[in-house]
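All remarks here apply to the structure that follows.
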């Protein structure tokens, strides 16, 4: 249970609060700190009486350009999730730094030889991408009782192959004693993972590749896009790395440009289409607090050192987020719903069921989870704290976007469920309109067009940049609008959105 008076902002996406308060919190650990070890066992049989699944043996994969990394690969028990598609799970191991990243790959249900490949990331920072797998867009979903899975007919692997990656370390089934506490360093590990993955599976390397995610992935994804395109520019005929065919980035309800987005928390709480959830006095107080917040974020943008960026997080979150948590009685991830006490369940009972399920011995064995992972947690607050401490929260990862659009020709879709408070659609749309890039004028003059009766979309003339507002959806759009989220996903990666 998260103590309300010491850490009142737990998050699936944004666990942030005043730093001094955070320092008093006793953080949960997702995994033990262990000496480096690579398991090279054969069949890993689950212990105790719950044995129902077992994976096949591990295979190690290396890469000459990344000598400190290895991939341990296994075939999980397919009866656990979507037995009709090929799948692999395992770990990316950083030998020198004791970092071990868990991943789970599912081939497309349609045409895996031609369908695109997608990397999916949840946010936090510190939250597992298995939330996306089992509660949002994966090929199976946790059932209502939390004791098994059911087929998901709206999975995003209907027409694409998908990798769910737990990163940075100590997130989900990942573990280690290494230190990753900023999005750019995390992106370097992701790039190494992709190179080793394509080394083992060259048949996927020529496919269109997309990176998608939500929440704090609004930081991760621009950094990853930049790392991939930088690697592509460095690739030559003499290099052993492969160019990655990065076609697009997709960010759902993300935190990408705090300088702009923090200016719209008052609007979302006090003037959204779902009605005001705070009284006029509190709304006015939030409005008066924003100029100082904006100045603090600007100072972080100009000189992104921890001292300035941590101060911005502390002041802005206290002034603009805390009133909602203290006074609204609403769910910050879906303001249509009541949530009197925001604890580690994050106002979602199914998250607790998922955490229990992924801690079952038979399930951990089935997916090839390391024995060094003592306990799976949905969101590791220690990871969140470390990112806060470096000031990563307020840094301007939005500055990666113009080059990705203009020079690297990477398409970008920003989508947002319009009932989310914490990464609300108003702020997300606002930063896209403020973005300085080559087609800004035409983008700002473009019309918002009705989409599929459940949203509205704005696209640049050449389709490089798009913003999609999704009606009647919260922070996790694929959970709230499964059929429509699959439609916009397929429309984006295959054309037709």
What do you reckon, is residue 448 surrounded by fewer than 22 Cβ atoms within 10 Å (Cβ to Cβ), modelled with pLDDT of 95 or more, touching a strand residue (DSSP E or B) at 6+ places or on another chain (Cβ under 7 Å) and more than 24 Å from residue 118 (Cβ to Cβ)? yes
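For the stretch 285-305, what are the residues that are surrounded by fewer than 17 Cβ atoms within 10 Å (Cβ to Cβ) and in a helix (DSSP H, G or I)?
Let us first name the residues in the stretch 285-305 that are surrounded by fewer than 17 Cβ atoms within 10 Å (Cβ to Cβ), namely 285, 287-288, 291-292, 295, 298, 302-303, 305.
Matches in the stretch 285-305: 285, 287, 288, 291, 292, 295, 298, 302.
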Residue 475 fails exactly one of (1) surrounded by fewer than 21 Cβ atoms within 10 Å (Cβ to Cβ); (2) on the phi < 0 side of the Ramachandran plot, namely (1)
From (1) crowded, with 24+ Cβ neighbours inside 10 Å; (2) on the phi < 0 side of the Ramachandran plot, pick out the condition that doesn't hold for residue 126. (2)
Give the stretch 175-206 a look and list any residue that's farther than 16 Å from residue 164 by Cβ, out of contact with any helix residue (DSSP H, G or I) (no Cβ under 9 Å at 6 or more places or on another chain) and surrounded by 20 or more Cβ atoms within 10 Å (Cβ to Cβ), or say none. 175, 176, 192, 196
Take the conditions modelled with pLDDT under 95, buried (at least 21 other Cβ atoms within 10 Å of the Cβ), in contact with a helix residue (DSSP H, G or I) (Cβ under 7 Å, 6 or more places away or on another chain) and over 19 Å from residue 272 (Cβ atoms) and apply them to residue 377. Does it pass? yes
Can you tell me how many residues within the stretch 453-466 are free of Cβ contacts under 8 Å to residues at least 40 places away in the same chain and more than 18 Å from residue 273 (Cβ to Cβ)? 4
Are any of the residues in the stretch 215-235 out of contact with any helix residue (DSSP H, G or I) (no Cβ under 8 Å at 6 or more places or on another chain), in contact (Cβ under 8 Å) with a residue 40 or more places away in the chain, surrounded by fewer than 24 Cβ atoms within 10 Å (Cβ to Cβ) and assigned to a loop (DSSP other than H, G, I, E, B)? no
Quick one: which strands (runs of 3 or more DSSP E) lie wholly within the stretch 382-497 and hold at least 3 residues that are touching a helix residue (DSSP H, G or I) at 6+ places or on another chain (Cβ under 6 Å)? 411-417, 465-470
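The values are calculated or read from the model by the stated rules, or taken from the named source; none is laboratory data. As the structure is a computational prediction, the values presented were derived from the model and not from experiment. Reconstructed Cβ throughout: ideal geometry from the backbone, glycine too, with neighbour counts over all protein chains shown.
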